[in-house]
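One structure is given here, and the rest of the page talks about it.
The numbers here are math on the coordinates, done by the rules we state, and not lab data. Just so we're clear, the structure is a prediction, and the values are computed from it rather than from any experiment. Positions of Cβ are backbone-derived with ideal geometry, glycine not excepted, and every protein chain shown enters the neighbour counts.
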Amino acid sequence: MALIRRTIGPTGSWIAGFVIVLAVGWSPCVSLADDVNEKAMAAYADAANFQTNGAIPLAIDAWQKYLKEYPNEPLVSKASHYLGVCYMQQAQPDYIAAAKAFERAVRDPKSELREESLVNLGWCQFAAAGDGETRDAARLKTALDAFKVLIKEKPTSKYVDRALFYGGEAAYALGNGKEAVELYDKLLAMDSSKASPLRCDAFYARGIALEELKRYDDAMASYRQLLEGCKDGDLAIDAKIRLGDASILQKKYADAIKWFGEVVAADSPERPYAILRQAFAMVQAEKPAEAAALYERLVTDFPNSPYASVATLASAQTIYRAGDLDEATKRFSRVLQQSDKASATEAAHWLATIALRKGRPDAAVNVASKQIAAGAEGPFAVTLKMDLAEATMLVGGKTEEAMKLFRDLFTQSPQSPDAPRALYNAAFAAMQLGKFQESAQWAAEFVAKFPQDSLIPDVRYIVAESKLMTGSSEAAADDYLKLVDDPISKSKIQRPLWVMRAATALSLSGKGDRATELLDKNLPGFSPVQQAEAAFMAGTLHLTAGRSKEAVSAFEKSLSVEPNWPRGDEARLQLGQAHLIGGDEAKAAAQWQEVVKQFPKSPRSDQARYRLAQASARANDYSKAVQRFDELLASGLDPSLRPFALYGRSWNLMRSDKAADAIKSLDQLTKDHADHPLVGEARLARGMCLRSMGKPDEAMKQLEQFLADDPKGINRGHALYEMALIDQSQNRDGKAAERLEQLVTAVPNYPNVDKVIYEWAWSLKESGNDDQAELRFKELIQRFPENPLAAEAYYFIGQRLYEKESWSEAAGQYAKASALASNSELKERAIYRQGWALYRNGKFNESSDTFALQVKEFPNGKFLADGLLMIGEGRFKMEQFEPAIAAYDTARKRIASANESEANVKETADRQVRELVFLHGGQSQSQLKRWDTAIDWFKELERRFPNSTYLPQSHYETAYALQQAGKDKEALALYEKVAGDQRNEIGARARFMLGEIHFGRSDFASAIPEFQRVMYGYGAEQAPAEIKNWQAKSGYEAGRCSELMMQGVKTNDARSKTASIAAQFFNYVIQKHPQHDLAPKSQERLEVLKKMGFDTNVNPGENP
């Protein structure tokens, strides 16, 4: 993997920094000995002088010449080292040449520059190895070896952090993630690592390496550590907008209103969009008045916005939905005046609709025709034309005009959703006008183009009626008979008319008997048997078409008109089925029990027993189902049902957790009905039983035999699902995922497919295929967004987004997870992670609110302590110190009530949470100048956690509070302790504060040495940036002390000397820290001294 993928931000700058750090201070000075080769030393001196003065090309030639002519001189290792440095200092560094030079340098184990040579060798080999797939593995190994040598030989070297980090990088690039992690861990475990510029990169690189090793929890912990120390709190308006849009998608309209409200309140070009979306959220939240006001605001404040016309239209729609048609009419009319033709077209549609609702078709015609003339555009263009045609149809005397409008609409827009209705209306209008040729032609065209449309029966009526009216009665009768016999026509309100018109057509064609037969079929007057038979047929047709209510009525009629009808057992059996389809299981069972009771010798009594057994199974009364199957098997009136009864019996035994008994029934089925189609399914059931009995290998064998017959449908899915469960139990997650994928592909309508996709996703996850697992979880969400299983899917996706630092999107996913979660542990974790994602995204207010929700809903939860801390952290970040203190105080009381301390809180992360409560609580008190209270918080930290890594910070904060409280003596003692113990930024800061206290007391003689200890200590010029800040401040303050000392001296000579000291300090700031804010102020002070006649041209390098 290429390093660039793993580096955060300053990759290039770190490379440059590496070279500079290692090149500065090299000073290839020369000292002569009695036995030295003077020519060699002269050549060495020339090369050194070239390099010292920046003549790098000359230096390279000189060093090469020296090494060639004097290969055995004692300074060869140094010369090789400086040659390597020259290659690195070129405008285009030559790392390969440099590496060769350093390789020669490190051959001398006693070289004074061995540390530098080793680290330079490692770096150059690492850099020369290149990037990507073309990386030179041999150079990476050489780099790693060099770093290891340095680490082993010089474990306290100032370069060891670089050696550990780039050694880790080299190991990682070589594919040895484990070794890389070990090196990163060593770096991060170093006391000096906190000041290392590579600390953040180390956390990141460590996380990547751990991911490669599939140690995901550790990787995430590494990332969290990185983020805790390397935060970026920038706010982004578009993130709030996305959060608002996500809230709308989650139907969390109150949250959306709040998010968009914040954008609206900000000075952002996105305000119009935010107002529009906030108004939409108001509409969804059933706040039409507020929504309308927002839409009006958008139009008023941003009239030139592309959303203005949309807002006006939406405002009108909101009022329309609220039922105020008059006000809606005014607002829709305003839209007509705007330049957006698409919006105007939609507005015209609503105005026409309002006019029709008020019974004013002429007004509807007027508004629709005007807009069409002006230009109808957008998705409502065709709808508006339909409005015009339908309104015209309602205006007296304009049927023909309406017919033309309907016909034109269909012709011009045949693919529109309105096209079928337009064509039907055109044909109906033509029929009303007596234009039967056109009506028949257009109706036939409708049938050809839209055979599945719901208007088909109505269109077939037009076809038949047009034929009848033109004298084609026989053809009309034929069409009518087809129409009235079509099951689709049974529910049509026009059916009585069609029956009558069919009888008319039959009569007109000379088929009176058929007409009578048709009437008899549809009217009362049949004999009881005929009525029973007809009703039974009707009932059967209704049942086949799924019309359970009509079927029940027909079957009941068949039983009531002739109680002794021979097919009464069949009618009652089907009556029960009709009740079942209608959802009334009790009535269905009652009818089947009547069949058993009234017809004990009929084979249909066995069919009734079979259906009663199935009903018991559906009611989850498995023992009752087994009993009914046993009754059927004992009866034997319908032998064809025996294999089905054995099979059904086994399934219900399985559901009763009686797998062994179920297998006995399955074996009986296989034995007695070896050629029956159910034998294959019996293998499936047998496999399921064996799996439940803890016999995975035998179960797999049965299932494989079942699949060998290539079954289709649901049972194929059952087999694949069972095999996947076996694979999961045997830790074959990859294979389980394959089977579940086959299931979804082969049986897309499989029952509980949501659970299948869920198991598929987790199998992919457990097999290490997170990308594919994410796709499956997304599919689960897309297909089953409200399913409780989707909660874990949202959480998984949230975790993936969190890993990618997509904080806003991750927060949205966690929110969806918590909203759907039925499991309290998952819900708490999701809310907790949502809070962290918001925190990482700089949404501190929302983060605190989220953590507060977590604490409220889970007062005894796993993440209670973390949640209490993070409530305060968010408020602390926003400088809302009172609310922050309230949160920290709640956490503190909980710690106190549980008497938690270093002695009983063993986990590092848990300890740090509690330590930060006291540290940040105290800091918040300090911000409010409650010095004594702050000190109490810091002391409580030290009392409970005496070995906390935050103690230096706590001591510093205590000293500062003491200082502010006027207790300088105690503050001085504590500052001195921090400064003496710490060699990092906080130590430098404490030392600076010592100087400040002395300065404040006008004790300049004590103040200046403290400032100098900061200036020239802590790494001096090699100090990291955060310490250089205090060095610059110390230099300036030392200069100010010196200036003030001038006021106390009495002689001119003493004043000149003191002024010279002040100038040295100011020059120090200007020359050593030219980019610091105090450099210009130091220059101003020098000008003041110069005007006073003092010499300010003094060398800052001379320590005053």
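The figures follow:
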{"quantity": "Two-site FRET efficiency, residue 929 against residue 1054, from Cβ-Cβ distance with R₀ of 30 Å, rounded to 0.05", "calculated": "0.15"}
{"quantity": "Angle in degrees between helix 436-449 and the longest Cα principal axis of the chain, rounded to the nearest 10", "calculated": "50"}
{"quantity": "Percent of Cα-Cα distances greater than 25 Å, calculated over region 967-1104", "calculated": "24"}
{"quantity": "DSSP-assigned coil residues among trypsin sites (Lys or Arg not before Pro) in region 574-661, each with at most 14 further Cβ atoms within 10 Å", "calculated": "601"}
{"quantity": "Summed side-chain charge close to residue 167 - residues other than residue 167 whose Cβ falls under 14 Å, Lys, Arg +1, Asp, Glu -1", "calculated": "+1"}
{"quantity": "Globularity index of region 785-843, i.e. its alpha-carbon radius of gyration over 2.2 N^0.38 Å", "calculated": "0.99"}
{"quantity": "Summed side-chain charge close to residue 146 - residues other than residue 146 whose Cβ falls under 14 Å, Lys, Arg +1, Asp, Glu -1", "calculated": "+4"}
{"quantity": "Cα Rg over Rh - region 526-596, Kirkwood", "calculated": "0.95"}
{"quantity": "Using θ = phi - 60° and Karplus 6.51 cos²θ - 1.76 cosθ + 1.60, couplings along region 635-650 (whole Hz; Gly, Pro as x)", "calculated": "5, x, 6, 10, x, 5, 8, 4, x, 5, 5, 4, 5, x, 4, 5"}
{"quantity": "Under 19 Å from the Cα of residue 110 - aspartates and glutamates, other chains or at least 8 residues apart", "calculated": "73, 145, 153"}
{"quantity": "Degrees between helix 237-249 axis and first principal axis of the chain (Cα, 0 to 90, nearest 10)", "calculated": "30"}
{"quantity": "Nearest 10 degrees, 0 to 90: helix 114-128 Cα axis against the chain principal axis", "calculated": "30"}
{"quantity": "Of 65/1072; 695/735; 482/597; 330/435; 482/549; 330/398, pairs whose Cα-Cα distance is over 30 Å", "calculated": "65/1072; 482/597; 330/435"}
{"quantity": "Rounded to whole Hz, the Karplus (6.51, -1.76, 1.60) HN-Hα couplings of region 155-162, x for glycine and proline", "calculated": "x, 9, 4, 5, 9, 5, 5, 5"}
{"quantity": "Extension reserve of the residue 585-residue 267 stretch, reckoned as 0.36 nm per residue once the Cα distance is removed", "calculated": "108.1 nm"}
{"quantity": "Qualifying trypsin sites (Lys or Arg not before Pro) for region 888-918 [loop in DSSP, other Cβ within 10 Å: at most 14]", "calculated": "906"}
{"quantity": "Cβ-Cβ FRET estimate between residue 910 and residue 964, R0 fixed at 41 Å, reported to 0.05", "calculated": "0.80"}
{"quantity": "Potential extension, residue 749-residue 1084 segment - 0.36 nm per residue separation minus Cα distance", "calculated": "112.4 nm"}
{"quantity": "Candidates per trypsin sites (Lys or Arg not before Pro) in region 793-886, loop by DSSP, up to 11 other Cβ within 10 Å", "calculated": "804"}
{"quantity": "Kirkwood Rh and Cα Rg combined as Rg/Rh, the chain", "calculated": "1.13"}
{"quantity": "Shape category assigned to region 566-648 from the gyration tensor of Cα positions, a/c cut at 1.5", "calculated": "oblate"}
{"quantity": "When region 597-778 is reduced to its Cα atoms, the Kirkwood hydrodynamic radius in Å", "calculated": "17.5"}
{"quantity": "Normalised contact order of region 597-778, rounded percent, pairs of Cα under 8 Å and 6 or more residues apart", "calculated": "11"}
{"quantity": "Global geometry of region 971-1028, whether rounded, prolate or oblate, following the gyration tensor of its Cα atoms and the 1.5 cut on a/c", "calculated": "oblate"}
{"quantity": "Set of aspartates and glutamates with alpha-carbon distance to residue 152 below 18 Å, sequence-local pairs under 8 removed", "calculated": "103, 108, 112, 115, 116, 161, 169, 179, 182, 185, 191"}
{"quantity": "Computed lengthening from residue 251 to residue 671, 0.36 nm per intervening residue step minus Cα-Cα distance", "calculated": "145.4 nm"}
{"quantity": "Which listed pairs, of 856/893; 194/969; 664/712, have C-alpha distances above 18 Å, in listed order", "calculated": "194/969; 664/712"}
{"quantity": "Shape of region 863-966, Cα gyration tensor, a/c cut at 1.5", "calculated": "oblate"}
{"quantity": "Mean separation of Cα contacts under 8 Å, 6 or more apart, over the residue count of region 100-166: relative contact order %", "calculated": "30"}
